[in-house]
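The values are calculated or read from the model by the stated rules, or taken from the named source; none is laboratory data. Note that this is a predicted model, so its numbers are computed, not measured. Virtual Cβ from ideal backbone geometry, glycine too; neighbours counted across all protein chains shown. Protein only, heavy atoms only, side chains kept; ligands, DNA and RNA dropped before computing areas. Shrake-Rupley method; radii C 1.70, N 1.55, O 1.52, S 1.80 Å.
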Amino acid sequence: MHLDPLAIITAFGLIFLAELPDKTMFASLAMGTRMRPLYVWFGTSSAFVVHVAIAVGAGSLIGLLPDWTVKLVSASLFAFGAFILLRGSAGNDDDDAGVKTVTGFWPVYSTAFMAVFISEWGDLTQITTANLAASNGTWSTAIGSAAALMSVSALALLAGKFIAKRVPLKTVQRIGGICMLGLAIWTAVEIFTG
């Protein structure tokens, strides 16, 4: 196993920049306002590691997956997330104490894992990782890509925690729900335009 520091830095930089404005970052931010951020990070990070392993191990096969199916499932998950967030934000604006937060490790972990695992299929970062692995080496690309994806998720969760401390939870949930609904619509539109 040969590690090339330049290949690691290249993979990290490209994947970090590609993932920063991605829908997964916004999903992580939204989940972090409603669920325990560290548990969300474990779930998203695990899903990212699996996707990196798939991308570097079988990158050429990713393009064979039916794109519309992946996008339909992803849009459905974002719509479900929007429903949960918007439903939780309905009611009295002054009563943030009555809002239930999902706190158990396994429910939070599995929700975060599945949201990222399903929505990242065929994503730009997965395809870029596969391309980088073909030219820059498997292990170096895997390490750089995984570190970049986990860093973006951590940034989103830190921002979510910061925002949640300064803005009423119901407002954050409404904004998160609207963002998730927007992502669901955007992903659904990609089925017909992509």
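Given the structure, is ASN136 closer than 13 Å to ILE54 by Cα, open to solvent by 50 Å² or more (accessible area, probe 1.4 Å) and not hydrophobic (A, V, I, L, M, F, W, C)? Don't jump to the end; show me each part of the working.
Numbers: closer than 13 Å to ILE54 by Cα: no; open to solvent by 50 Å² or more (accessible area, probe 1.4 Å): yes; not hydrophobic (A, V, I, L, M, F, W, C): yes.
No; evaluated as a whole, the condition is false for this residue.
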Please work out if SER119 is among the small types (Gly, Ala, Ser) and touching a residue at least 40 places away in the same chain (Cβ under 8 Å).
yes
Could you tell me whether any residue of the stretch 104-116 is touching a strand residue (DSSP E or B) at 6+ places or on another chain (Cβ under 8 Å) and not in a helix (DSSP H, G or I)?
no
The stretch 120-133, residues that are within 11 Å of PHE48 (Cα to Cα) and either open to solvent by less than 10 Å² (accessible area, probe 1.4 Å) or aliphatic (A, V, I, L, M) (or both):
GLU120, THR125, GLN126
